[in-house]
Amino acid sequence: MKRLRGAMLGIAGIVLLGVLWEAYKALAPANGVAINGLTVLPRTSDAAMPHLSTMLQRALDPVSSVPGSAPLWAAVLQASAFTLSVAAVGWLVGVIVGLVIATIMQRFRTAESALLPWVVLSQTVPLIALAPLVKRWGTFVHLGAFDWQDWMSVALIASYLAFFPVSIGALRGFSSPERAHLDLMRAYGVGWWRTHLRLRVPASVPYLVPALRLAAANAVIGTVVAEVSIGLSGGVGRMIIDFAQTGSSDPAKQWAPIFGAVIVGLVAAGAVVLIGLALGKYRRNEVPA
Amino acid sequence: MSANASAAPRPSTEPAVEIVGVGKVFPGRRGAGVTALEDVSLQIEAGEFVSLIGPSGCGKSTMLRLIADLDAPSSGTVNVFGKPARQARLDQDYGIAFQQAGLLPWRTVRENIELPLQLHGAGRAARRARADELIELVGLGDFGDKHPDQLSGGMQQRVAIARSLVESPRLLLMDEPFGALDEMTRERMQTELARLRAETGAAVVFVTHSIPEAVYLSDRVVVMSPRPGRIVRLLDMRLGSAQERTDALREDEHFFERVSAVREALHGDAVASVQGKEAR
Ligand SMILES: Nc1ncnc2c1ncn2[C@@H]1O[C@H](COP(=O)(O)OP(=O)(O)OP(=O)(O)O)[C@@H](O)[C@H]1O
Ligand SMILES: [Mg+2]
């Protein structure tokens, strides 16, 4: 019931956004509003803000005038699927690394004080600075038949952004069991590892689920941005840049990959919701948000 | 580790618990530590039911935690069935229940009761059979598949008690297990515990604030004084064997006499004897 209402509200939000877009376009002057040469309201010309219907129409047409080119929506969907799969790999690696780091920090107090500042600091390195470095390091990696690919650099950067919320959330979750439960485990004479598996890991789920959601959002943003900075083609990130160059002649086209990126984000968020549902029994005494 | 259904505790001539000259000091933040226990000696025989009673902060929980090897004594020794407490803990010689039920919220009633068996590697089928048996024993027949949040406080406490019994321990450690229950549930649980104990023949160390509860259940009552925690008196209850601990006992003349004896020992005066009759 609550979930249904949430979905309805989400749909209502999207509709409202569309209405606002068209309303602004209809009401504001075509050249925007500028005070002393400073634009305070954006332009609403068809080149800057195409009608939603124009965008939709454009999506059904072929990508370019080259004969046999696929419809735009299909190309965008394909690029979205590519981006989503790279983001998923990044997310998975990030989640595993985050869990391992949190486990080490939980196990060894000294590791917590030694690692935690670095974990926090790691997130202050700008993505743009990181991308060329990762790409260059990748060229040194040759393991037999294995060659480092550009998409791996992108996934690595996505995982770099994804591991952070997971490690912080999991550390809080692993430390969440009450003393009575820890005493009980000690009374049963079980060691650290089984206490971890049977008590700390299940107890961490309510903290972990929001962390997974954040990690998914980070992984998607990381993937799209890293596609651009590394120059990986095939995904929506690169497509946004490519299409923007044709902006003046075909203004509606550049909006298609942006919607593609939104779809990637929604699918990623939806996947995490499903994971949360699957872990339902570990979230029994979670306060409904 | 016996996951066997009706494994009766092996008869033993060794005392269940032997505490000799034990002291416990909790280190304080600024040098001054808290002396929770000082020079405590106590012997509890196999199969004996002993209650610890005393004002809040006198070290009852601390004593129980020392027996369970959840804390280490600052001085003296604690032996359980002739072994150091640590060895007894690793050998799973005792079952334990606290004031808070302490059930894992993601496990069903059955899974909670199975927990110690699972941790100690019992097979799935044996685990289930034993858990079902205990669910019956504590009268939760229809609730095996419910989660703790679907149970009342009293039912949760019964699950915790079932969990403490699941490995048929020869020694049961209970820290105010009925503390959070209403009076009616509490009396019913007391009767159930007396029955369970008679059936299993385990020794019990039972911490409580309630004098009638201690008198009703115990073979002996240990009266403690606070700061530093010491044993003031050991009182023999001699209310007959465990099987006779029925509700009728609560109305018994002899029962009231023992209640006022404990009260006197606790307060260190004779006023209590007048109030003995109104004991709940
Ligand atoms: N972990 C601890 N650290 C410091 N002091 C402690 C600790 N545990 C207990 N104490 C102190 O030891 C004393 C005895 O505590 P304990 O919990 O054994 O009392 P109790 O008899 O069980 O009291 P209650 O009836 O209220 O449960 C108290 O003064 C308490 O403050
Ligand atoms: Mg206590």
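Values in this text are rule-based calculations from the coordinates and carry no lab data. Keep in mind that this is a model prediction, so the values were computed, not measured. Neighbour counts run over all protein chains shown; Cβ positions are idealised from the backbone, glycine included.
Would you mind checking A:Lys2/A:Lys253; A:Lys2/A:Lys25; B:Lys24/B:Lys83; A:Lys25/A:Lys253; A:Lys2/A:Lys281 for any pair whose Cα atoms are more than 26 angstrom apart? Mind dumping the intermediate values first?
Details: A:Lys2/A:Lys253 37 Å; A:Lys2/A:Lys25 35 Å; B:Lys24/B:Lys83 20 Å; A:Lys25/A:Lys253 18 Å; A:Lys2/A:Lys281 18 Å.
Among A:Lys2/A:Lys253; A:Lys2/A:Lys25; B:Lys24/B:Lys83; A:Lys25/A:Lys253; A:Lys2/A:Lys281, the Cα-Cα distance tops 26 Å for A:Lys2/A:Lys253; A:Lys2/A:Lys25.
Quick one: dipole size for the protein assembly as shown, taken about the Cα centre, charges +1 on Lys/Arg Cβ and -1 on Asp/Glu Cβ, in debye to the nearest 20.
Details: 56 positive and 50 negative charges, 261 e Å.
Magnitude of the dipole: close to 1260 debye.
The mean of 1/r over all pairs of different alpha-carbon atoms in the protein assembly as shown, once inverted, gives a Kirkwood hydrodynamic radius of 29.0 Å.
With Rh defined as the Kirkwood radius, the inverse of the mean 1/r over Cα pairs, the Rg/Rh of the stretch B:17-279 is 0.97.
Of the residues B:Ala131, B:Phe26, B:Leu104, the one whose Cα sits farthest towards the positive end of the charge dipole of chain B is B:Phe26 (charges of +1 on Lys and Arg Cβ, -1 on Asp and Glu Cβ, taken about the Cα centre). Considering helices alone, the calculated mean residue ellipticity of chain A at 222 nm is -23000 deg cm²/dmol, with DSSP H runs of length four and up weighted by -39500 (n - 2.57) and normalised per residue. The separation of the stretch B:26-75 from the stretch A:8-25, counted between C-alpha centres, amounts to 67 Å.
How much length is gained on full extension from A:Ala12 to A:Leu60, taking 0.36 nm per residue of separation minus their Cα-Cα distance? Don't jump to the answer; show the numbers that get you there.
On the way: separation 48, 0.36 × 48 = 17.28 nm, distance 2.47 nm.
Full-extension gain reported as 14.8 nm.
Candidates A:Ser80, A:Val119, A:Pro29 compared by Cα position along the dipole of chain A: farthest toward the positive end lies A:Val119, with charges placed on Cβ.
For the peptides B:182-189, B:54-61, what is the packing order when you average, over each peptide's residues, the other Cβ atoms within 10 Å and list the highest mean first?
Working: B:182-189: 15.1, B:54-61: 19.2.
Ranked by mean Cβ neighbours within 10 Å, highest first: B:54-61, B:182-189.
For chain A, the longest principal axis of the C-alpha atoms and the axis of helix A:127-138 are separated by about 70°. The percentage of C-alpha pairs in the stretch B:1-155 whose separation is greater than 25 Å is 45%.
With contributions of -39500 (n - 2.57) from each DSSP H run of at least four residues, the per-residue ellipticity at 222 nm computed over chain B stands at -10500 deg cm²/dmol. For chain A, the Stokes-Einstein estimate of translational diffusion at 20 °C and a viscosity of 1.002 mPa s comes to 97 µm²/s, using the Kirkwood hydrodynamic radius over alpha-carbon pairs. Evaluated at q = 0.13, 0.24 Å⁻¹, the base-10 log of the normalised Debye intensity for the stretch A:55-130, with identical point scatterers placed on the Cα atoms, takes the values -0.64, -1.07.
For chain A, which longest stretch is free of loop sites, where a loop site is one of the GluC sites (Glu not before Pro) that DSSP puts outside H, G, I, E and B and that has at most 15 other Cβ atoms within 10 Å? Write out the running numbers ahead of the final one.
Numbers: sites that count: A:Glu178, A:Glu286.
Counting only loop sites that pass the neighbour cut-off, the longest clear stretch is A:1-177.
To the nearest ten degrees, helix A:2-27 and the longest principal axis of the Cα atoms of chain A are 30 degrees apart. If you build a Gaussian network model of chain A, linking Cα atoms that sit under 10 Å apart, which residue out of A:Ser167, A:Ser204, A:Ser113 swings the most? Checking each option, the largest mean-square fluctuation is seen for A:Ser113.
If you average over every viewing direction, what projected area does the convex hull of the Cα atoms of the stretch A:1-49 give, in nm²?
4.3 nm²
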